[in-house]
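Okay, so here's the structure we're looking at.
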Amino acid sequence: MENEIINNYGFNGVKLVFESRNSTNYYQLGEFPKGCPWVSLNDNPISKFIAGKIPNLISALKGRCEFIYTEKKESTWYLHDLLDMKLYDDRDYFKVYTGGVPLLNPEPNKNLKTFNWDIPTDLKTFYTIHNGFGEIYDANFVRANEDIKLMAEMMNPILIPPSVKNYTCKPFHKGNSNTTVDRDHEVWEISGEIASFEFTYERMSEIDEE
């Protein structure tokens, strides 16, 4: 029904579907208001608006994107891409990827400074495009700079009692290495290293459900 509403009523349908998520403060591309960080891009079509440093992911977004719209939430702005997708049973549906305002000069947050870590160079580059990106209401996203944390802060004080919740994480290496690994919380195994942009492409360019 949500998909049908959007198909029939366009952006007004988007605002209706997300009425419980602050949609009165949604602004469609072409109508971005003054003060919006992306207002200078109002005249761009969707195909030219989407750009970045991850070519395969960008290609996937361009081929799927139906609506681009911004949201003002208190003093913070977000950019939303509504993408066409297929559910596991081949029905048409949608997925929303959300990006934060670019950081021109990303700096380590308080948590990283505590453990004397820097932000890897690829992640810094990513933050100059979007400070956080992905399905922010789900689990498939790159955390914003202010939200990234080292597991040490949570795990050092814990003696691993049976009730401790399992965590799946994507830690990055200390220093300027641009590789990531995946920790399997079931068996506590660490995957082989993969380039951070490649990792992001793998996880986010698979739009359809299997």
>> Every residue in the stretch 34-75 that is modelled with pLDDT under 90, in a loop (DSSP other than H, G, I, E, B) and in contact with a strand residue (DSSP E or B) (Cβ under 7 Å, 6 or more places away or on another chain), please.
In response: Ile50
> Any idea which residue in the stretch 13-28 is modelled with the lowest pLDDT, counting only those that are part of a helix (DSSP H, G or I) and either surrounded by fewer than 13 Cβ atoms within 10 Å (Cβ to Cβ) or in contact with a strand residue (DSSP E or B) (Cβ under 7 Å, 6 or more places away or on another chain) (or both)?
Replying inline: Ser20
> Of all residues in the stretch 102-123 being in a loop (DSSP other than H, G, I, E, B) and in contact (Cβ under 8 Å) with a residue 60 or more places away in the chain, which is surrounded by the fewest Cβ atoms within 10 Å (Cβ to Cβ)?
Replying inline: Pro102
>> Looking at the stretch 85-144 only, could you name the residues that are within 11 Å of the chain's Cα centre (by Cα), closer than 15 Å to Asp208 by Cα and among the hydrophobic types (A, V, I, L, M, F, W, C)?
In response: Val96
> His130 versus (1) open to solvent by 30 Å² or more (accessible area, probe 1.4 Å); (2) part of a loop (DSSP other than H, G, I, E, B): which is the lone unmet condition?
Replying inline: (1)
>> Could you tell me how many of the residues in the stretch 76-101 are closer than 12 Å to Asn145 by Cα, touching a residue at least 60 places away in the same chain (Cβ under 8 Å) and part of a strand (DSSP E or B)?
In response: 0
> Is it true that Glu31 is of a type outside the set (A, V, I, L, M, F, W, C), part of a strand (DSSP E or B) and over 20 Å from Ile207 (Cα atoms)?
Replying inline: no
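The values are calculated or read from the model by the stated rules, or taken from the named source; none is laboratory data. Being a predicted model, the structure only gives us computed values, none of them experimental. So basically every Cβ, Gly included, is an ideal-geometry build from the backbone, and we count neighbours across all protein chains shown. Keep in mind that these areas ignore ligands, DNA and RNA; they rest on the heavy atoms of the full protein, side chains included. Shrake-Rupley method; radii C 1.70, N 1.55, O 1.52, S 1.80 Å.
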